[in-house]
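*Asks:* Below are the structure tokens for one structure; questions will follow.
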Amino acid sequence: MTTRAIFASWLLSRREGVQEVLRDRWVLCEGSRIAAVTETRPVADEVHDRPGRFVLPGLMNLHNHCFSEAVARTHSEDGNGRKNNKSIVYTVLLPLTRRGIEILSAEERMAIARMGVMQLLKGGAATVMEPFRAGIPEMFDAAAEMGMRFYGAPYVFSTSNAQAGADGVVRYAGDDGQTDLAAWTALHQRWNGAADGRILVTMSPHATDTCGPDLLRACAATARDLGVPITTHLAQGPEEVATIGARYDGRTPAEYLDWLGLLAPDLLAAHCISSSDDDLRLMAARGATVLNCPRVFARTGTSAAFARFAAHGVRTVVGTDGYNLDLLGELNAASMISKIAMGRPDVANAPELIDAVTASAADAVGRPDLGRIAAGATADLTVVDLSDPMLQPLYDPRRGLIALANRANIDMVVVDGRVLVDRGRLVGADEAAIAAAGAAAIGRIWDLPEARAAFSG
Ligand SMILES: [Zn+2]
């Protein structure tokens, strides 16, 4: 069993459930476990002794879409592609992703998946929760090949062909919930627990307005039977609130999920932008988790303030939503957007935001072995180089991490004791080749006439 020692000028630790930063420690990993945290240099097969490093538990990015958001990247900014100022989810992302899966070869889909996993790792994440269409199972292959901890969440829809018309109203065709659930079950059987347990399959009904009551109940029953978490999109905008209210006796999207028994500690709900204060109190009472992705909403002029959710007592974690896979950059945005939205400097502080991608995120998926650095924990680590000249002078490493650092300062990412990123580079891989192949495959989608039309003007 390989032993590996990593020096930490600063080490993020916990004492009685509260974060603390320790100075000048060594983390000793034995195989996939953390064996010890020591003050003296341990004997190990491999020693990483670099000054100025801040060693954190492997960061957890619990909401991302490598494929669908890559389709929109540098196309959808500055309001481009929006019709009647409506969300591009139903007008652009879902239809183009669906078409893309049809026209691309398995090799091209794999190239996109590899590019996404590379960006996630270089963005600092050791773990991702990734909802995606079941038609791109290559996401699992890429995560397994590249060693990332991967909560794969193949979508289940009542209406997989939801599209918005020119009026911005979403229309639903077909009812393929049972087909999707069968596809999900096949992927669960194939992948759950693969790659020494790094690959896990998450139940993933797409959203409240694309999944009917019977399907949501079936999803919850299946997930709880199998003991897997459930993730979905919730209250993404006012249209969804209006749709659910009209369909289900004036219920809000959160009340709809609660009615069906989904609001519970095993539910991770993305966005909750249009959730009312009462909805957030309900989610807090039920122990559900909000997945906060502030930058993708900032793109459209909407403030998704981490601090608003946290103020209601809901467990709130942070993900990148596929937009820009720099998780440290996302935390910086979560901080800034919260302070502006709440008009206060003290909200969404550095320890809270660090918790949101470490211990709190691990709690959200029921994994006490992740999100912490301690003897016996799983050896997932993210190491940030705080010796960068741009980060000087440095008094407080946690504030430096949130206020000043970004993906360029990611030094190492370690998963199950294996070094996947070292000195900021993906180990044993040709980054430029991975990016070129992934971009070429996305380019084939951009060349579709419907893509050109969607993104024009
Ligand atoms: Zn999403």
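Readers should treat all values here as calculations from the given coordinates under stated rules, not as data from a laboratory. Everything quoted here is computed from the prediction, not taken from an experiment. Please note: Cβ atoms are built from the backbone with ideal geometry, for glycine as well, and neighbour counts cover all protein chains shown.
*Asks:* Karplus couplings for the range 199-211 from phi (6.51 cos²θ - 1.76 cosθ + 1.60, θ = phi - 60°), rounded to Hz, Gly and Pro as x?
*Replies:* For the range 199-211, the Karplus-derived couplings read 9, 10, 10, 10, 5, 9, x, 4, 6, 5, 8, 10, 10 Hz, x marking Gly and Pro.
*Asks:* Calculate the dipole size of the chain relative to its Cα centre from +1 charges on Lys and Arg beta carbons and -1 charges on Asp and Glu beta carbons; express the result in debye to the nearest 20.
*Replies:* Charge dipole, the chain, about its Cα centre: 480 debye, nearest 20.
*Asks:* Between 0 and 90 degrees, rounded to the nearest ten: what's the tilt of helix 94-103 against the longest Cα principal axis of the chain?
*Replies:* That works out to roughly 80 degrees.
*Asks:* Taking DSSP loops as anything outside H, G, I, E and B, show the longest stretch in the chain free of GluC sites (Glu not before Pro) there with at most 12 other beta carbons within 10 Å.
*Replies:* 40-457
*Asks:* Related question: On C-alpha positions alone, give me the angle between the axis of helix 106-122 and the longest principal axis of the chain, in degrees, nearest 10.
*Replies:* 50
*Asks:* Within 10 Å, count the other beta carbons around each residue, average over each peptide in 316-322, 190-196, 395-401, and list them highest first.
*Replies:* Sorting 316-322, 190-196, 395-401 by mean packing, highest first, produces 316-322, 395-401, 190-196.
*Asks:* Sticking with this one: Consider just the alpha-carbon atoms of the range 317-411 and return their Rg together with their Dmax, both in angstrom.
*Replies:* When restricted to Cα atoms, the range 317-411 yields Rg and Dmax of 13.9, 42 Å.
*Asks:* Specify the angular offset, from 0 to 90 degrees and rounded to the nearest 10, of the alpha carbon long axis of helix 431-446 from the longest principal axis of the alpha carbons in the chain.
*Replies:* 10
*Asks:* Please give the residues of the range 61-76, grouped as numeric ranges, whose backbone N is less than 16 Å from a label point set 7 Å along the Cα-to-Cβ vector of residue 101.
*Replies:* 65-71
*Asks:* Can you pull a Stokes-Einstein diffusion coefficient for the range 59-364 at 10 °C (1.306 mPa s), Rh from Kirkwood over Cα pairs, as a whole number of µm²/s?
*Replies:* Details: Rh = 19.1 Å.
The diffusion coefficient I find is 83 µm²/s.
*Asks:* Right, another one. So, counting K/R as plus one and D/E as minus one, what does the shell of residues with Cβ under 10 Å around residue 350 add up to? All intermediate terms of the calculation are to be shown ahead of the outcome.
*Replies:* On the way: positive: 398, 399; negative: 352, 355, 396.
For residues surrounding residue 350, the net value is -1.
*Asks:* Using the Cβ atoms and a cut-off under 12 Å, what net charge is assigned to the surroundings of residue 428, where Lys and Arg are +1 and Asp and Glu are -1?
*Replies:* Combined, the nearby Lys, Arg, Asp and Glu give -2.
*Asks:* If packing is taken as the mean number of other Cβ atoms within 10 Å per residue, what is the order of 437-447, 222-232, highest first?
*Replies:* On the way: 437-447: 17.1, 222-232: 18.9.
For the peptides 437-447, 222-232, the packing ranking is 222-232, 437-447.
*Asks:* Can you tally the net charge around residue 80? Count Lys and Arg as +1, Asp and Glu as -1, for every other residue whose Cβ sits under 13 Å from the Cβ of residue 80.
*Replies:* +3
*Asks:* In addition: What is the calculated FRET efficiency for residue 49 to residue 80, with r their C-beta to C-beta distance and R₀ = 56 Å, to the nearest 0.05?
*Replies:* E(calc), rounded to 0.05, equals 0.70.
*Asks:* Now, a different point. Compute the length gained on full extension between residue 226 and residue 38: take 0.36 nm times their separation in residues and subtract their Cα-Cα distance, giving the result in nm to one decimal.
*Replies:* Stretched out fully, the residue 226 to residue 38 stretch lengthens by 63.8 nm.
*Asks:* On a full-extension model of 0.36 nm per residue, what is the gain between residue 444 and residue 242, subtracting their alpha-carbon distance, rounded to one decimal in nm? Walk me through the intermediate numbers first.
*Replies:* On the way: separation 202, 0.36 × 202 = 72.72 nm, distance 3.58 nm.
Full extension of this stretch gives 69.1 nm more.
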